[in-house]
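Here is the structure we will look at.
Quick note: the coordinates plus some simple rules give every number you see, no bench work behind them. Model, not experiment: these values are computed from the prediction. Cβ coordinates were reconstructed from backbone atoms using ideal geometry, including for glycine residues, and neighbour counts include every protein chain displayed.
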Amino acid sequence: MKNETEQQQVDRIGVLTGGGDSPGTNAAIRAIVRRAAEAGIETIGFQDGWLGLLEDRAQPLALRDVSGILHVGGTLLGTSRTNPFKRPGGPEKVVESYKRNRLGAFVAIGGDDTLGVAHRLKDYGLRMVGIPQTIDNDLWGTDYCIGFDSAIGAVTDALDRLHTTGYSHHRILILEVMGRDAGWIALFGGLAGGADVILVPERKFSIGDIQRRIEQRISIGKRFSIIVVAEGAVPEELGCQVARETKADEFGHVTLGGVSYYIADRLSKLTDLPVRVTTLAYLQRGGTPSPFDRILATRFGVKAVEFILEGRYDVMTGLQGNRVVPVPLAEALRGPKLVGQELITLAGLFY
């Protein structure tokens with residue numbers, strides 16, 4: 001392991017934030033700048049994700065630039081869902097920008113799409129370190145990603161509020177949350193918020209099963225029900241996810257949304273209880289990061305710089321137990337980390 005006096009001539013590093021924003025991202029940027037400054041390394045931020053490298057939109061990040069942003073949501077660098085590998089000459093433009101700014105290494109903060117680009121860029125000779133930032137919490141090799149804890153806090157708060165309306169008006173209330181391929185937000189938020197039905201992408205659901213569950217509750221005097229559904233949950237009757245539009249982004253994703261209305265439409269024909277829908281949408285990814293996310297992001301940011309000092313590249317910071325360890329990006333990106341059967345069974349016990 002190399003010490004800080006043997007930095008492989010890394011005098012300047014770049015950083016960007018890509019994909020969806022998450023509370024805690026600014027805390028990670030702050031930590032990167034502070035740890036790099038301590039090691040005598042300059043930090044350059046790139047605006048709006050990979051688009052910033054494609055267009056060479058860079059800004060120096062000094063200590064004064066990251067002062068006071070620990071508690072601020074979003075990302076001061078901006079973000080986008082830009083994929084350089086879908087742009088003509090994209091990877092080559094990224095390499096040119098990397099070299100023009102005299103970077104010795106780069107930190108990419110984001111989810112599987114952002115880190116997937118970082119992983120591919122190793123083939124172009126770029127030194128990349130990733131930080132997992134996604135409220136979906138679906139990256140392998142880390143127990144938690146930046147933003148997940150804050151997101152389930154928002155879901156829990158929404159469910160607490162919906163409960164009071166649900167039992168007062170004897171309604172079935174459906175809360176739709178994010179989660180394209182994995183149901184971590186729906187399951188953890190649903191458990192914490194006392195949801196009666198939790199629907200996740202990992203297991204198809206049927207309207208008949210939901211109806212029976214509601215009838216069981218009515219039979220014991222509970223004339224209301226709270227349903228949490230991930231946007232990527234699949235109705236057996238359809239056999240596919242419900243999408244708001246068919247146009248895909250540069251990473252091949254269509255915009256999901258509407259499964260809650262599908263459920264409401266069918267349930268309203270099977271029960272006398274009124275059915276209402278709430279879509280949490282961007283409320284679950286915005287706002288102030290939780291204390292856990294602030295600490296996690298700070299640890300990840302510091303460790304990302306230390307991996308650079310140690311000459312570790314093509315890795316991601318991962319929280320395993322209470323340790324932050326280097327996780328090969330190839331391992332982190334081996335498909336979405338899905339909710340396990342044990343947790344799904346646990347959720348089924350409470351209604």
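Table for the structure above
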read-out: DSSP-defined beta bridges in the chain - what % are antiparallel, rounded to 5; value: 25 percent
read-out: Those chymotrypsin sites (Phe, Trp or Tyr not before Pro) in the stretch 220-328 that DSSP places in a loop and that have at most 11 other beta carbons within 10 Å; value: none
read-out: Neighbour cut-off at most 14 other Cβ (10 Å), DSSP loop, GluC sites (Glu not before Pro), the stretch 181-280; value: Glu236, Glu237
read-out: Inter-probe distance in nm under a simple model that places probes 7 Å from Cα toward Cβ, at Lys269 and Phe85; value: 4.3 nm
read-out: Label zone at Glu38, where the point sits 7 Å out along the Cα-to-Cβ direction: the stretch 60-74 residues whose backbone N lies under 19 Å; value: 61-71
read-out: Where N is the number of residues in the stretch 66-213, Cα Rg divided by 2.2 N^0.38 Å; value: 1.38
read-out: Qualifying trypsin sites (Lys or Arg not before Pro) for the stretch 33-129 [loop in DSSP, other Cβ within 10 Å: at most 16]; value: Arg57, Arg102
read-out: Rg/Rh ratio calculated on Cα atoms of the stretch 150-284 (Kirkwood radius); value: 0.96
read-out: Residue with peak Gaussian network fluctuation, the chain [Cα springs, cutoff 10 Å], from Asp113, Asp314, Asp123; value: Asp123
read-out: Between the stretch 36-73 and the stretch 162-203, the alpha-carbon center distance in angstrom; value: 37 Å
read-out: 29 Å Cα-Cα threshold exceeded, pairs from Lys222/Lys269; Lys86/Lys204; Lys99/Lys303; Lys204/Lys337; Lys122/Lys337; value: Lys86/Lys204
read-out: Cα-projected label distance for Phe292 with Thr165, points at 7 Å along beta-carbon direction, nm; value: 2.6 nm
read-out: D (Stokes-Einstein, µm²/s), Kirkwood Cα radius, the chain, 1.567 mPa s at 4 °C; value: 61 µm²/s
read-out: Rounded to 5, the percent of DSSP beta bridges in the stretch 150-284 classed as antiparallel; value: 10 percent
read-out: Computed label-point distance, nm, for sites Arg57 and Glu215 using a 7 Å Cα→Cβ extension; value: 5.6 nm
read-out: Separation of alpha-carbon centers, the stretch 81-127 and the stretch 270-301, rounded to whole Å; value: 30 Å
